[in-house]
Structures are given as C-alpha cells and as structure tokens.
Amino acid sequence: MTFVSRTVNGLLLSMVTAVTAMAGASFSTVAEAADATLIGSADGASFTVGGTPYQVVTRARAERGSADPAARAAGSAAGTAGAVTVGTIGDYTITLPATGSTAAASGAVAPQSAPSSSPTSDYLVAVNRRTGSPVLVSNHLKLFGVSTAQAASVASSTGGAVDSLIAAASMAMLVYPSPAAALAAKTAIESQQGSGQGGGQAAIRVEPEVIQAFKTPR
C-alpha cells in the first residue's frame with residue numbers, strides 16, 4: 001500500500017469515526033431530553049418497585065403500533081399529530097402532548113389515571129424517577145409475604161382476582177380490570193394495613209407490575 005493510499009484510508013476512517021461519534025452524541029442528547037421531559041411531566045401516583053421510585057405521567061400515552069421495528073421507528077420519528085414521542089417499549093410508542101398544542105394547553109387529553117375503554121389504555125405510563133426512563137404499568141399487583149387465603153381475601157376485598165400464586169415463596173399476582181384499578185387497590189391494601197386492619201399479621205408488601213421490555217411481542 002502506497003503512502004497516498006494509507007493517507008486517504010486514514011482520512012476516511014477519521015471521517016467515519018467522527019460521523020459515528022456525532023450521531024451517538026445526537027442520540028444521547030435526544031434521549032436525555034426525552035427523559036427530562038418525562039420527569040418534568042410526572043404528576044400522578046408515586047410508588048416503588050424493588051426500592052426504585054416511579055411516578056405515573058398522567059398525560060403520557062402508550063399507543064400500540066406496528067410490530068415491525070422499521071415501521072415503529074418511522075412512527076417514532078414522525079410522532080402523531082399534536083404529540084411528541086418520548087420512548088418506545090416493545091411495540092408501544094410513548095407520547096406526550098406537544099408543548100403549545102391545543103391538547104397540552106387546554107388539558108383536553110384525559111389523564112390515564114382514570115379507567116378507560118380506549119384501546120390505548122392497556123397500560124399507564126410511569127417514569128423511573130432516578131433515570132428518567134419510561135415504564136408501562138399493568139393491571140397486575142404483586143403481593144409478597146402472603147398466604148393463599150390472604151391473597152384470595154385481598155383480591156376479593158379490592159375488586160381483583162388471584163391470577164397466579166407461588167405458595168412456597170408466599171407470593172401472589174392479582175389482576176384488576178385496569179391499571180388504574182390496580183393502583184387504587186394498592187393504596188387500599190396499604191391503607192388497611194396502616195389503619196391496623198391487618199389482624200396482627202405481618203404486613204403484606206405490594207408492588208405494581210412495571211414493564212421495561214417485553215420478552216415476547218405483544
């Protein structure tokens with residue numbers, strides 16, 4: 001290889017490296033901006049899962065889209081009318097009303113903390129208060145330190161049903177009509193225990209089910 005060839009190749013490599021670095025920096029900046037937007041928009045119920053604090057973003061929407069990654073990426077880049085895409089989880093695109101949009105200014109978008117029959121209400125959207133990353137909140141509650149009888153009693157008294165049970169680990173998963181109903185049940189369970197209605201038994205730990213990624217397509 002001649003000196004000229006080595007020089008040209010070196011210049012090309014430098015250019016590719018610089019462009020890659022710029023693209024990475026740009027992506028990082030966009031991600032950080034989206035994270036900051038979510039944290040700043042968090043205004044709903046707060047809870048912890050495994051010691052990590054989360055808060056519901058009532059104006060955010062989890063809209064199910066195409067399972068095709070390319071199509072989903074195109075949708076994320078374009079966004080929807082009057083909305084800004086702030087993240088994706090599986091085939092769900094997470095959006096917020098755009099600043100200055102009619103929905104954002106007038107409050108026309110109904111908070112997701114209220115139950116809805118809308119196809120976009122499969123999940124509530126919450127934000128990790130430490131990282132700014134979005135998560136989906138399902139209609140399930142995890143109970144820890146609970147017996148089979150306790151799980152059935154708690155489910156019955158809070159409008160849910162026992163979805164699964166691991167008796168050996170004293171764990172249960174309850175299911176509710178909606179994510180909002182699950183969060184309301186969590187508050188009710190903790191309130192009952194806090195008011196001395198636990199019957200002298202050890203307190204049951206309650207956690208909403210949060211989804212950061214799907215193991216299989218939804």
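Miscellaneous remarks
- When Ile89 is tested against the conditions (1) over 15 Å from Ala45 (Cβ atoms); (2) at pLDDT below 95; (3) open to solvent by 30 Å² or more (accessible area, probe 1.4 Å), the lone failure is (3).
- Within the stretch 39-54, restricting attention to residues that are surrounded by 19 or more Cβ atoms within 10 Å (Cβ to Cβ) and not small (Gly, Ala, Ser), the residue that is farthest from Ala180 (Cα to Cα) is Tyr54.
- Top-ranked residue of the stretch 164-185 - restricted to ones that are part of a loop (DSSP other than H, G, I, E, B) and open to solvent by less than 40 Å² (accessible area, probe 1.4 Å), ranked as nearest to Tyr123 (Cα to Cα): Ser178
- Contact map, the stretch 129-156: residues that are surrounded by fewer than 16 Cβ atoms within 10 Å (Cβ to Cβ) paired with residues that are among the charged types (D, E, K, R) and not in a loop (DSSP other than H, G, I, E, B), Cβ distance under 6 Å, separation 6+ or inter-chain. Pairs shown: Phe144/Arg205; Gly145/Arg205.
The values are calculated or read from the model by the stated rules, or taken from the named source; none is laboratory data. Fair warning: this is a prediction, and the values are worked out from it, not measured in the lab. Neighbour counts run over all protein chains shown; Cβ positions are idealised from the backbone, glycine included. Heads up: the accessible areas ignore ligands, DNA and RNA and are worked out on the full protein's heavy atoms, side chains in. Shrake-Rupley method; radii C 1.70, N 1.55, O 1.52, S 1.80 Å.
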